[in-house]
1. Of the candidates 325, 260, 167, which one comes out as most mobile in a Gaussian network treatment of the chain with C-alpha springs shorter than 10 Å?
2. Here are some values of mean projected area of the Cα convex hull in nm²: [x] 22.5; [y] 23.7; [z] 21.2. Which one was computed from this structure?
3. Using alpha-carbon positions, what is the distance between the centroids of the stretch 111-156 and the stretch 351-380, in Å?
4. For labels at residue 269 and residue 386 in the simple 7 Å Cα→Cβ model, what's the distance in nm?
5. Sort 331, 257 so the one with the fewest other Cβ atoms within 10 Å of its own Cβ comes first.
6. Taking only Cα atoms and a 10 Å spring cutoff, compute GNM fluctuations for the chain and point out the largest among 105, 189, 282.
7. Modelling each spin label as a point 7 Å along the Cα-to-Cβ direction, I'd like the residue 319/residue 217 distance in nm, to one decimal.
8. Treat the count of other C-beta atoms within 10 Å as a stand-in for reagent exposure and order 296, 317 from fewest to most.
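Since every read-out is calculated from the coordinates, none of them should be taken as a lab result. Since we're looking at a predicted model, the values are computed, not measured. Heads up, the Cβs are rebuilt from the backbone with ideal geometry, glycines too, and the neighbour counts pull from every protein chain shown.
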């Protein structure tokens, strides 16, 4: 789509020295790539959260340093900028900030609701099958022993069961995004630079938010993961910069491919010990540990290389994005919050089924396929309901 560069009207200017605010890209329609890859990431998260699941070998985490979390956070930053940046430009900082806070509140309510369901699910399974492994495995031993204390910590987002760390990260990023978004609309490179410095400083000094029980910290450090969120925001705001990177594909593409092959070779040593001799000791000392909590630089570079190659091959008008095979993922991506919550519950359901009943290969495949189809079905029902309600709403009816 064309990019329109529009200056602020005189009565809208806040600081005389601030340059005109660049207009956000205005594509002809919704970019199906965002929904497709977000939906794909949700399916990947579901599969990865089922322990010892052979179907999880199709996900990106087994072939490099990054996983679906990077996809989710990057797209979250990109999408939030498109949605709330436009509101901030049209209606001002206060309205855009209020919209961001409203979305953060929606995510918070969803997280607490999911926490209650997830905890009840684990507690019932543990009691029904008399297997205390589940509460220990899902980090709920403390909650079951002191529910009144841990519930307060859960409301403060400090206590979280296993596999429930993504939404608190997203909430924290949105809560601090309003001033950053305003600055991004005026000083993109300054914000990107400051975000990078915070990423490096937090990673080097282990700055993180406090968790619960005392001594624990957030599994996804918001002070580090904000950098990927901001990178996504900058990509949404700077199509011209993306065009420059595209013109450099003659040397960037081989470099990205070489890095992905390097990551694949390193990851191969994790699964096949015979390959460990290939990795020199000095290189192992240099790259390990590859820290997920602080978004290790190797993970970040792996995602950026992968994202660059994908965007060079898959344009916003790619035919397959509008085909039948891609549509289930696109629909899941359009209802990402609900499908993420459902996937979390289904992953534990699949885990306890494989543990208590049948854990063989056919059962792993059946559980993975059934869960994926159920997520797609729920997303399709939500899409049908939304479209039917929009088409059947009388003109002039209030929302």
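1. Of the options given, 325 has the highest mean-square fluctuation.
2. Correct label, based on the coordinates given: [y].
3. For the stretch 111-156 versus the stretch 351-380, the Cα centre distance is 22 Å.
4. 4.5
5. Placing the least packed residue first, the sequence is 257, 331.
6. Top of the fluctuation ranking is 282.
7. About 5.0 nm, to one decimal.
8. Neighbour counts put them in this order, fewest first: 317, 296.
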